[in-house]
Every structure is written in C-alpha cells, then in structure tokens.
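Heads up, the thing below is written out as structure tokens.
Quick note: the coordinates plus some simple rules give every number you see, no bench work behind them. No experiment lies behind these values; they were computed from the predicted model shown. All Cβ positions, glycine included, derive from the backbone under ideal geometry; neighbour counts span all protein chains shown.
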Amino acid sequence: MENRPNTPQSTAIVPPENRFAFLLVATCFGLWGMINMMTDTLVPAVQKIFSIDTAQSSLIQVVNYASYALLAFPAALMVKRFNYKTGVILGLILLCVGASGIVPAGMSKHFTPLLLAISVLASGLSILETSCNPYVLAMGSEDTAVRRLNLAQTINPIGCLLGLFVAKVLILGNLNPAEAAVRKTWDAAKAHQVMTHELFWLALPYAVMVAVALAMTIALLMRRMPEGRDTEHSPHILLSIRRLLTNPRYVFGVVAQFFYVAVQVAIWTFIIKYTREAAFFSVGADGKVVPGMTEADAWYSLMSSMVVFTIGRMICTALMRKLNPASMMATLAAAAIVLTAGAIIFSAWPGVICLVLVSSCMSLMFPTIYGIALRDLGPEVKIGAAGLIMAILGGAAGSYSQGFLIDLFENSGFRADVAIRYSFVVPIVCLVVVLLYALKYRAFCATAPATSDPVGGH
C-alpha cells in the first residue's frame, strides 16, 4: 500500500479550541452505537417472545434503518437552515421520545407498537448521526478530516460493547429458554406471565437511555459549542442535489455505504443465530436442528465481534497517518470476503471465528467511505452527508434479505444450519461493492485535499 502524502506535523487532528466540543459530540457516537447494538439483539429476542419467523423478526431492522433513511434528508435541510448543534439537540430529543415509547409498547404485548417506538427512536438517531458526522469533519482542517472522523468513530464501538453487555444481561439473559414449539403448548396464564417478564426486561434499558439522552441534551445547551453554521454562500437545495448527482465519487460513495451497512447489520443481526443453530447444534429424531446453546450464551460471539471491531478501528486510525485509507479498505474488504466464505464452508469454532474476524475487517469502512465521498464538496457537504446517512437503509435491506433467504432455504427443504450458512452469501455480494469503491478511489485518496480549510467551509 502506498504512503500518504506528507502533511504538516503541526496540524492537529482536533484544534485545541474545539477539543471539548469534539469530546461531547464524539460521545453521541457511543450513544447511537449502544442503542443500535441493543436493537440488533432485539431480532432474536422478539422472534422468541412473539414466536414469529426470521423474516418477521427482521422487521425490527427494516423499521430501524428505514426511519434512518427517511429522516436523513429533512435533517440535512434543517442543519443547512440552522446549524449542526441544533441538529444534535433535536436528535437527542426525538431519541428520548422513541425510547420512552418502548415502555408502553412492551406493556401492550403486541409487536406492532414496538415497531412504531423503534421507528421514532431511529428517527432521532438519524438526525443525530446526520448532524454529528459532518460536525466532526468541520472541527478542523480538511486534510485531517478522515482521521478526525475515524478518531470520533472509535467511541462508537465502545458504546456498542456497553450496549451488548446491557442487552446480554437484561434482554437476552431474561428470555425463557423455551422455543416456539414448546411455547405453543402453554396455557394462557403461563404464556402471559412469561411474556410480561420478558417484555419488562426488554423495555428497561431503553427507559434508562432516556435519562442518559436528557443529560447530554442539557450539557449541550449549557456549554458553549461551535455551532457549525455556514460561513459561505450556500446554493439552492436543488442545485446542491444536481451537483452531487453529477459527482461520481459521491454517488458511488452512497452506493458503497448502502452495501457496507448491509454487511454490518446482516452479520451482527444473525451471528447469534449462526452460533447457536449453524455452528453448535444437534439434530433431533425428527431431523430438525436443536440449538446447541441459548441466545445469552451465543451472545459471546457478537461480543467478540465488537471487541475485534474496536481494536481494528483503533489500529486502522493509527495506520492512516502513514497509509492510504482506500488501500487499507480494499485489503480488508478482500479479507472479509474470504472470511465470510469460511463461515459458510465451516461449522463449529472455525466458522464462528471466521465470522467474528469479519468485524475486524469492517472497522474502518464506514468513516472511510464517508470521508472519501464528502471530501472537497464545499457547500454541498451538508446535503451530501444526508445522502450518506440515507444509505444506512442498507441495514434494512441486508438484514431482511438474509432473513428472507433463511426462511426460503428452510421452506425449500434445507436443514436450518445449512440455510443459515448459505444465507451469508448476502454479505459477500455487499463486500464486493465496497471493494470496488476502495480500488477505484485509491489514487484519489493518495492526493492532498483541494483545501486545508474545515470541511464545508466551517
């Protein structure tokens, strides 16, 4: 991999005057990481609680990431009209409303109200992420923008780890081990008692999240922050969109981000199912797969994924000082394709290890695609950021497509373990797109930015 161009050693990744603001906004990266990982664990949880199939339980992710996509563009318009700080505050407030709604949704004992609460929560996260990512880019020189965003993104997996721990102890740890077939034999009183217990522990961590988000909102309102307001003429919204659509690097970046998020969400959504039903299992007398462990035990594979993801992001952020980010991304995308193929071919520990290691390869992809696509966009950066956040809709497409494939294979006569392994062809297809984007813009990433001013002229 080629070396990056030399930049002045005196250029700080985060200027001293913006360091407190950077830390506060970077904390938001951890917040949405925590919530997203808790939401990922809801898929196996609601499948068991409501006795629904894999595709239906994947609707949690469809609603979650569809709300991300729908709110990203309105959020960008609001940020364009006001400033990044306003966007962050509004995102936190909507997050509070959505998280509060999960409590009565759980009390209703119906799946649809839970989906509605998740959609409001995800809307807040969309506004928050649409504001925070370009806000971080704007907090210093453009020649350190990608490194600065990767630095902020190191907080994200820490939040993810905390979210996983909370989900394991409170949500998965309180699931009754009985599978759907056994639950159907219960009388109404027992079924009601078990569901009440499970839904209470599902809602509890979201109730706590309301207090955390409110505290962060108060901190933002009380402390002086750089607002991130445009200091240059901003073109009309339609003109901005037209310019962006004629920029192939940006358009391909949105496509690549869509497929990257599809990979991430699909793998983290189904790694628990893979571990307990495709890696460690037994076959009953009826020829059906009997899971080899509970969801709470299989959780350790997801936890391990987040640990290697966190370590990978820290290592990659440090290496970016000397190495071309796009070249690094191409190498890791190719490695992830090989590892995912290994998860399809192997079972037991070799398959789980392959799938866990894919997360280390994913660690630098989101912020690197984001930084490459937004570089040198000038006043179009805010609308451009919205397009990249809308690409998070890939999470809905990836998880639902894989869940649909699992059900399709099983209904076609494949044993459950085989169906689950074969479904990982979805992440492989998505990783190929990321690899192509990285290869196409290796040379661009090796050049210096058009300006050393903050991204978007802030």
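Tell me, how many Å apart are the Cα centres for segment 172-205 and for segment 245-305?
24
Multiply the residue separation of Val182 and Asp297 by 0.36 nm, subtract the distance between their alpha-carbon atoms, and state the gained length in nm to one decimal.
The span from Val182 to Asp297 would gain 39.4 nm if fully extended.
Could you compute the FRET efficiency for Ala285 and Leu116, with r as their C-beta to C-beta distance and R0 at 56 Å, rounded to 0.05?
0.85
Return the long-range amide H neighbours of Leu323 (sequence gap of 5 or more, or a different chain), with a cut-off of under 5 Å between placed amide H atoms.
Correct list: Arg4.
Just to confirm the number: angle between the C-alpha axis of helix 155-166 and the first principal axis of the chain, 0 to 90 degrees, nearest 10?
20
Students often get this wrong: which residues of segment 113-156 have the backbone nitrogen under 15 Å from the point 7 angstrom along Cα-to-C-beta of Arg249?
142-147
Restricting to DSSP H runs of at least four residues, report the calculated mean residue ellipticity at 222 nm for the chain, -39500 (n - 2.57) per run over all residues, nearest 500 deg cm²/dmol.
After summing the helix terms and dividing by residue count, I get -24000 deg cm²/dmol.
Mind sorting out which of [x] -0.26, -0.95; [y] -0.25, -0.83; [z] -0.30, -0.90 is the real log10 I(q)/I(0) by the Debye sum over Cα atoms at q = 0.06, 0.11 Å⁻¹ computed from the coordinates?
Matching the structure shown: [y].
For Phe258, Phe82, what's the fewest-to-most ordering of other Cβ within 10 Å of each Cβ?
Listed from fewest to most nearby Cβ atoms, that is Phe82, Phe258.
At 7 Å along the Cα-to-beta-carbon direction for both Arg81 and Leu24, put a label point, then send me their distance in nm to one decimal.
Going by the 7 Å Cα→Cβ label model, 2.4 nm.
Taking only Cα atoms, what is the 0 to 90° angle, nearest 10, from helix 188-222's long axis to the longest principal axis of the chain?
10
Given 0.36 nm per residue, what is the gain on full extension from Val97 to Ser412 after removing their alpha carbon distance, in nm?
Length gained, Val97 through Ser412: 109.2 nm.
Determine the gain in length on full extension of the stretch Lys440-Asn174; use 0.36 nm per residue of separation and subtract their C-alpha separation, reporting nm with one decimal.
91.0 nm
Do any trypsin sites (Lys or Arg not before Pro) in segment 315-403 lie in a DSSP loop with no more than 13 other beta carbon atoms within 10 Å, and if so, which?
Hits after loop and neighbour filter: Arg321, Lys322.
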